[in-house]
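One structure is given below, encoded as structure tokens.
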Amino acid sequence: MATLSASPSPNPNPNFRSPTDQTDHDPESLPQMELHPSSDQEPTPNSNRNFHAVLPTPPEATAPAAAAAPSLLHISFNQDHGCFAAGIDHGFRIYNCDPFREIFRRDFDRGGGIGVVEMLFRCNILALVGGGPDPQYPPNKVMIWDDHQSRCIGELSFRSEVRSVRLRRDRIVVVLEQKIFVYNFADLKLLHQIETIANPKGLCAVSQGAGSLVLVCPGLQKGQVRVEHYASKRTKFIMAHDSRIVCFALSQDGQLLATASSKGTLVRIFNTVDGSLLQEVRRGADRAEIYSLAFSSNAQWLAVSSDKGTVHVFSLKINGGSPGIDRSQSASDPVTSPHSSLSFIKGVLPKYFSSEWSVAQFRLVEGSQYIVAFGHQKNTVVILGIDGSFYRCQFDPVNGGEMTQLEYHNFLKPEAAF
């Protein structure tokens with residue numbers, strides 16, 4: 001069983017904060033622990049020769065190949081969107097968003113594919129899952145990596161492949177194809193199991209505010225989402241769409257939920273407490289695959305990326321629907337999402353003509369996969385591409401329209417190394 005350590009080791013890497021560091025973006029204390037490898041959920045033996053045995057001390061970082069750029073297996077933002085992590089075919093990398101820079105990399109000298117990298121704000125603890133053609137760890141295991149010690153300090157094993165992992169300061173959430181497991185971070189004790197409909201993308205969202213844990217996952221029916229309010233021990237089911245759910249996002253405090261279906265035309269915003277529909281916005285008229293949704297920190301804006309090559313920003317008009325959310329306005333009132341010019345005959349023509357459209361847009365390469373988040377600078381959006389592209393853009397909250405590109409980098413290029 002995992003145990004606590006009274007004296008954590010020193011941190012040789014200044015780019016990661018100690019688990020007990022406190023910052024403006026990270027007000028709560030972080031887990032302080034040394035976990036010893038433990039098994040859970042009836043671990044299955046490792047019979048795949050492509051998997052590397054988990055060593056007590058994984059190989060030290062080696063210089064990356066000077067030739068071609070690595071293959072990207074995974075990208076994800078950390079909880080406050082100030083950093084992002086990239087899993088590659090021979091390790092993982094951590095980047096700062098503003099200013100953009102690579103702050104850490106670890107390259108494994110034997111294969112080393114990492115298919116999931118989940119950060120815990122900016123502390124030294126990461127969750128890793130093997131991936132790619134030559135995975136560093138079996139894809140049915142979650143490895144808890146401590147970069148103070150440059151090694152894995154714990155593991156969770158499962159009967160099937162891990163689809164995604166979500167971290168909070170107090171919880172580890174592991175998502176499988178049809179099950180979700182919630183663990184206590186300090187000792188890896190299993191607290192809750194949830195059954196879901198088939199969930200190959202590993203859809204799951206957890207609140208990151210100072211309050212209690214809210215967890216959202218697919219329900220057991222097509223188009224349904226399940227909301228777990230752990231403080232009140234309440235479960236809420238919301239029939240969000242007629243079609244299959246492909247993407248959703250929670251506001252930081254867990255009170256607002258944005259959802260998108262396989263049609264990709266509409267995005268709906270719900271109150272997670274009572275399940276009421278608060279707002280509906282339209283990405284477009286034709287079908288699209290929505291890749292990511294993101295709330296701004298004050299839940300005033302919603303960003304959407306899709307395979308159509310356009311990132312949209314919508315204005316949220318949640319008046320009293322979610323008490324407790326700070327929606328402090330700027331000196332200028334932001335423009336509201338424009339409506340169709342034919343909205344005056346709402347109820348006569350199809351719903352399309354009275355839809356709320358995005359305030360601001362940014363054009364990218366159509367067909368490529370991008371994820372999006374709001375930057376720490378006011379009215380900025382950060383966009384990450386599976387091709388290694390990094391964009392930082394700014395939108396006009398008053399006039400809307402096309403966003404201004406502030407920055408572009410290819411974070412996979414070897415010369416981008418620190």
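The values are calculated or read from the model by the stated rules, or taken from the named source; none is laboratory data. Predicted, not measured: the structure shown is a model, and the values here were computed from it. Every residue, glycine among them, receives a Cβ derived from its backbone with ideal geometry; neighbour counts consider all protein chains shown.
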Review point. With respect to the numbered conditions (1) small (Gly, Ala, Ser); (2) buried (at least 18 other Cβ atoms within 10 Å of the Cβ); (3) outside any strand (DSSP E or B), which one is the sole condition not fulfilled by Gly367?
Key: (2)
Revision key, fill the gap. Subset of the range 106-129, residues crowded, with 17+ Cβ neighbours inside 10 Å and of a type in the set (Lys, Arg), comes to Arg106, Arg122
Practice item. Restricting attention to the range 357-398, report how many residues are of a type in the set (Gly, Ala, Ser) and over 21 Å from the mean Cα position of the chain (by Cα). Key: 2
Revision key, fill the gap. Scanning the range 44-100 residue by residue, those of a type outside the set (A, V, I, L, M), at pLDDT 50 or above and not in a strand (DSSP E or B) turn out to be Pro70, Ser71, Asn78, Gln79, Asp80, His81, Gly82, Asp89, His90, Asp98, Pro99
Practice item. Select the strands (runs of 3 or more DSSP E) contained entirely in the range 202-313, then report the ones holding at least 1 residues which are among the aromatic types (Phe, Trp, Tyr). Key: 234-239, 245-250, 266-271, 290-295, 301-306
Exercise for review: Keeping to the range 172-201, report how many residues are assigned to a loop (DSSP other than H, G, I, E, B) and not β-branched (Val, Ile, Thr).
Suggested key: 12
Check your understanding: Pick from the range 171-192 the residues that are within 17 Å of the chain's Cα centre (by Cα) and under 15 Å from Leu126 (Cα atoms): which of them is modelled with the lowest pLDDT?
Key -> Arg171
**Study point:** Filter pass, Thr259 being crowded, with 20+ Cβ neighbours inside 10 Å and free of Cβ contacts under 8 Å to residues at least 40 places away in the same chain
**Key:** yes
Review point. Of the residues Leu220, Leu213, which single one is closer than 17 Å to Lys236 by Cα, of a type in the set (A, V, I, L, M, F, W, C), surrounded by fewer than 18 Cβ atoms within 10 Å (Cβ to Cβ) and modelled with pLDDT under 95?
Key: Leu220
**Study point:** Residues being over 21 Å from Val225 (Cα atoms), hydrophobic (A, V, I, L, M, F, W, C) and buried (at least 19 other Cβ atoms within 10 Å of the Cβ) - total across the range 154-188
**Key:** 4
Review point. For Asp109, are the conditions met, namely being among the charged types (D, E, K, R), closer than 29 Å to Glu407 by Cβ and assigned to a loop (DSSP other than H, G, I, E, B)?
Key: no
Exercise for review: Tell me, please, whether a residue that is without any contact (Cβ under 8 Å) to a residue 40 or more places away in the chain and more than 20 Å from the chain's Cα centre (by Cα) can be found in the range 150-166.
Suggested key: yes
Review point. With respect to Glu155, is the statement that it is assigned to a strand (DSSP E or B), of a type outside the set (Val, Ile, Thr) and closer than 23 Å to Leu256 by Cα true?
Key: no
Check your understanding: Yes or no: Ala294 over 18 Å from Gly211 (Cβ atoms), free of Cβ contacts under 8 Å to residues at least 40 places away in the same chain, of a type in the set (A, V, I, L, M, F, W, C) and surrounded by 19 or more Cβ atoms within 10 Å (Cβ to Cβ)?
Key -> no
**Study point:** Flag if Val281 is without any contact (Cβ under 8 Å) to a residue 40 or more places away in the chain and either charged (D, E, K, R) or buried (at least 21 other Cβ atoms within 10 Å of the Cβ) (or both)
**Key:** no
Review point. Here are some conditions: (1) within 23 Å of Pro70 (Cα to Cα); (2) at pLDDT below 90. Ile125 meets all but one. Which one does it not meet?
Key: (1)
Review point. When both residues are 6+ apart or on different chains and their Cβ atoms are under 7 Å apart, which pairs have a first residue that lies in the range 378-396 and is at positive phi, and a second that is surrounded by fewer than 21 Cβ atoms within 10 Å (Cβ to Cβ) and assigned to a strand (DSSP E or B)?
Key: Asn379/Gln394; Gly388/Leu72; Gly388/Asn410
